[in-house]
Amino acid sequence: MKSLYTNSISLKLVSACIILILASACVKETIDLKHISNTVDWNPKYAIPLAYGSLSIKDIVNALDSTGVMKEYPDGLLYINYHDRILSQTIDSIITIPNQQFQELFYGSALPAFPPTDSLRYQRNSTYNFNFNNGAEIDSVNFKGGTLVFHVSSEFKHLGRITITMTTLTKNGQPLQFNMPINRSDGTFSDSIVRSLNGYKLAFNATNKIPLSYEVAFKNSMQPILATQKISINIDVRKPSFKSIFGYFASYPVIDDYVSKTKIDVYENVIATNAKIADPRINIIYSNSFGIPVRLQLTNTHTYSDINGTQPLTLNPSINPINIKYPNISQIGTTTRDTIRINKTNSSIVSAFNTAPQQFIANVTATTNPAGKSFNFALDTSRLNVDMEVELPMDLQASNYNRMDTLDFDVSDAVPDYDIVNKIAIYATFTNAIPCDLNLQVYLADENYAVVDSLFTVADQPIIKSGEIDSNGKVTKPTTKINQFIYDNKRAKKLKNVKFALLRGNVSTAGNGLTSVKFYSNYVLSLALGVQVDLKITSLKQLQ
């Protein structure tokens with residue numbers, strides 16, 4: 001809307017100034033100044049058709065909507081669309097695998113005595129708790145990264161070996177197992193083994209529990225085994241990352257009371273308006289590849305207007321909270337998409353948006369597993385995106401929709417000498433197939449923004465009536481308005497001080513703003529513009 005007023009008016013102003021320059025240039029080209037006296041009494045008049053053109057609403061949108069907020073339905077009805085992403089989360093914001101540390105100690109007091117064969121064997125099974133954040137209970141993990149470090153030290157003065165088996169950590173169906181030789185018999189043995197977790201699967205045999213099996217074997221070196229001597233086994237899981245994970249990921253706030261603010265700039269620079277949009281809409285659009293139930297809750301939903309303040313927007317329980325759909329286990333790796341549509345049938349959106357709002361505001365909370373424990377899964381690529389979209393179909397009624405703007409408009413030297421201007425007459429014929437009454441005014445201001453004149457006098461100010469509309473709010477016939485604007489010498493002289501143009505437009509829909517009308521892309525506003533310039537010349541030097 002801003003661009004329609006600003007650019008249409010500035011086109012007429014600039015054209016009027018250009019014609020003054022062209023008129024003086026035309027005189028000099030028509031007369032051979034070398035063969036006549038420098039003193040004349042000449043009173044020429046030039047009547048020139050200046051411009052004719054028409055713009056459809058679609059043309060205006062394509063030329064001026066640099067932000068792309070104006071869109072078109074298949075039937076040609078226009079709508080304004082404001083779009084914000086309010087949530088974008090990857091799975092690692094919900095579930096991660098922390099580093100882990102386990103330890104096992106074998107004291108001499110637990111070892112049996114050497115048998116007659118001079119070889120000692122001792123076996124032990126242990127279970128460790130694998131910790132996850134937020135109380136998650138995991139069934140299995142497929143790793144894509146991380147390392148497993150085993151560090152073994154022995155105080156026993158015997159040669160031997162230790163075998164460690166992780167029966168539920170498998171790769172290609174084979175459990176992880178390794179033998180570490182104890183190759184020092186002076187009681188100072190220490191060594192480490194490092195394994196990459198890439199490609200391994202870890203299954204838990206109980207809630208976050210993993211079993212390990214140990215076997216210690218010593219050869220008798222004829223040294224005693226003291227009760228305080230020990231083998232220390234330290235196991236570190238470092239920087240683990242998963243390719244896929246399965247289990248219960250707990251109840252966790254994906255986003256907690258985030259304040260979403262969607263800007264609605266169609267009402268910026270509005271002085272006053274009684275605009276009413278017949279069918280405003282808000283769309284909550286999501287895409288989800290988490291295998292997790294997520295509930296989205298909107299609270300404190302309202303609009304805000306500089307003119308009218310805050311207006312609450314009440315949502316029916318049928319649309320808030322929103323239980324976000326998710327893929328089942330047979331659909332792992334796919335994305336579920338849906339749109340929740342907030343409209344006049346399930347909310348108080350009409351009253352909230354009939355206040356000329358600059359913002360739609362909502363507090364947003366999203367929580368996993370809101371109903372309690374359930375089976376969850378995710379890939380490392382899983383993501384949840386939620387977008388907020390404000391959609392304003394151009395089906396509306398408006399009265400006293402006032403906007404102002406300021407343009408640089410220096411015409412101080414458009415004419416060498418404004419004293420030669422007797423009169424400027426501008427003729428404009430408007431043909432309006434847009435369902436709005438248009439009332440336009442341009443104030444001409446000096447370098448201090450003080451108004452020195454207006455483009456139109458009050459009597460001449462163009463009020464262009466709406467095209468005729470039917471009962472469905474569609475234009476069936478354009479209307480025509482012919483205007484004449486006169487600048488005498490006194491008014492023309494004021495132009496030499498003009499530096500800025502203060503633009504003001506007032507719009508009301510048909511029927512004095514009491515009728516809802518629809519704006520289609522093929523609606524047209526046409527303008528035929530002509531100018532007559534009356535000059536008073538006493539010396540050819542005035543044209544130089």
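Place the peptides 189-199, 118-128, 210-220 in order of packing, highest mean first, counting for every residue the other Cβ atoms within 10 Å and averaging per peptide.
Details: 189-199: 14.8, 118-128: 12.9, 210-220: 18.0.
For the peptides 189-199, 118-128, 210-220, the packing ranking is 210-220, 189-199, 118-128.
Whole number please: convex hull volume per residue of the Cα set in segment 128-191, in Å³? Don't skip to the end; give the middle numbers.
Numbers: hull volume 8.1 nm³, N = 64.
Taking the convex hull of the Cα positions in segment 128-191, it is 126 Å³ per residue.
Please work out the ratio of the alpha-carbon Rg of segment 164-235 to 2.2 N^0.38 Å and round it to two decimals. Display every interim value, and only then the final one.
Values: Rg = 15.6 Å, N = 72, 2.2 N^0.38 = 11.2 Å.
That ratio works out to 1.39.
Pop the C-beta distance of Y73 and R337 into the FRET formula with R0 = 22 Å and round what comes out to the nearest 0.05. Working shown, then result.
Working: r = 21 Å, r/R0 = 0.94.
Computed FRET efficiency for Y73 and R337: 0.60.
Binning at 5 angstrom from zero up to the longest distance, how are the C-alpha pair distances of segment 266-372 distributed in percent?
2, 12, 19, 19, 15, 12, 9, 6, 4, 2, 1, 0
Based on C-alpha coordinates, I'd like the Rg and Dmax of segment 318-457, in Å.
28.5, 89
Once you keep just the Cα pairs under 8 angstrom separated by 6 or more residues, what percentage relative contact order results for segment 441-527?
36
Can you tell me which of 97-103, 346-352 comes out highest on packing, and rank the rest after it, using the mean Cβ neighbours within 10 Å? Please list the in-between numbers first.
On the way: 97-103: 15.0, 346-352: 18.7.
By packing density, highest mean first, the sequence is 346-352, 97-103.
Which entries of K171/K373; K276/K344; K465/K494 show an alpha-carbon separation above 20 angstrom in the structure shown?
Values: K171/K373 29 Å; K276/K344 13 Å; K465/K494 31 Å.
Going by Cα-Cα distance, K171/K373; K465/K494 fall outside the 20 Å limit.
Using Cα pairs under 8 angstrom and six or more residues apart, how large is the relative contact order of segment 100-247, in percent? If you can, show how the numbers build up before the last one.
Working: 355 pairs, mean separation 66.8, N = 148.
Taking the mean separation of contacting Cα pairs over the length of segment 100-247, I get 45 percent.
With the crude spin-label approximation of a point 7 Å out along Cα→Cβ, what separation in nm comes out for K239 versus N208?
Roughly 2.4 nm, to one decimal.
Looking at the calculated P(r) for segment 100-247, what percent of the C-alpha pair distances fall above 28 Å?
Working: 2897 of 10878 pairs.
For segment 100-247, the share of Cα pairs beyond 28 Å comes to 27 percent.
Points 7 angstrom from Cα along the Cβ direction at R184 and T406: gap in nanometres?
Between R184 and T406, the simple spin-label model gives 8.3 nm.
Apply 1/(1 + (r/R0)^6) to the Cβ-Cβ distance of K263 and S287, taking R0 = 25 Å, and write down the FRET efficiency to the nearest 0.05. Each step should come with its number before you reach the end.
Details: r = 23 Å, r/R0 = 0.92.
E between K263 and S287, to the nearest 0.05, is 0.65.
Compute the length gained on full extension between K171 and T314: take 0.36 nm times their separation in residues and subtract their Cα-Cα distance, giving the result in nm to one decimal. Before the final figure, lay out the partial values.
Numbers: separation 143, 0.36 × 143 = 51.48 nm, distance 5.45 nm.
Once the chain is fully extended between K171 and T314, it gains 46.0 nm.
Estimate the FRET efficiency between S196 and T299 by the formula 1/(1 + (r/R0)^6), using the beta-carbon distance for r and 41 Å for R0, to the nearest 0.05.
Values: r = 46 Å, r/R0 = 1.13.
Efficiency, rounded to the nearest 0.05: 0.30.
Taking 0.36 nm per residue of separation and subtracting the Cα-Cα distance, what length does fully extending S330 through T127 add? Don't jump to the answer; show the numbers that get you there.
Working: separation 203, 0.36 × 203 = 73.08 nm, distance 3.19 nm.
Fully extending the segment from S330 to T127 adds 69.9 nm.
Reachable aspartates and glutamates from K201, Cα under 19 Å, same-chain residues fewer than 8 places away excluded?
Partners found: D92, E137, D139, D236, D380.
Can you list the aspartates and glutamates whose alpha carbon sits under 14 Å from that of K58, skipping same-chain ones fewer than 8 residues off?
Reachable aspartates and glutamates: E72, D75.
Using +1 at the Cβ of each Lys and Arg and -1 at the Cβ of each Asp and Glu in segment 100-247, identify which of Y107, L176, Q223 lies farthest towards the dipole's positive end.
Result: L176, furthest along the dipole toward the positive end.
Based on the mean of other beta carbon atoms within 10 Å per residue, what is the order of 144-151, 314-321, most packed first?
Numbers: 144-151: 17.0, 314-321: 14.0.
With the highest mean Cβ count within 10 Å placed first, the list reads 144-151, 314-321.
Laboratory data are not the source of any read-out in this text; all were calculated from the coordinates shown. Model, not experiment: these values are computed from the prediction. Neighbour counts are summed over all protein chains in view; Cβ atoms, including those assigned to glycine, are modelled from backbone coordinates with ideal geometry.
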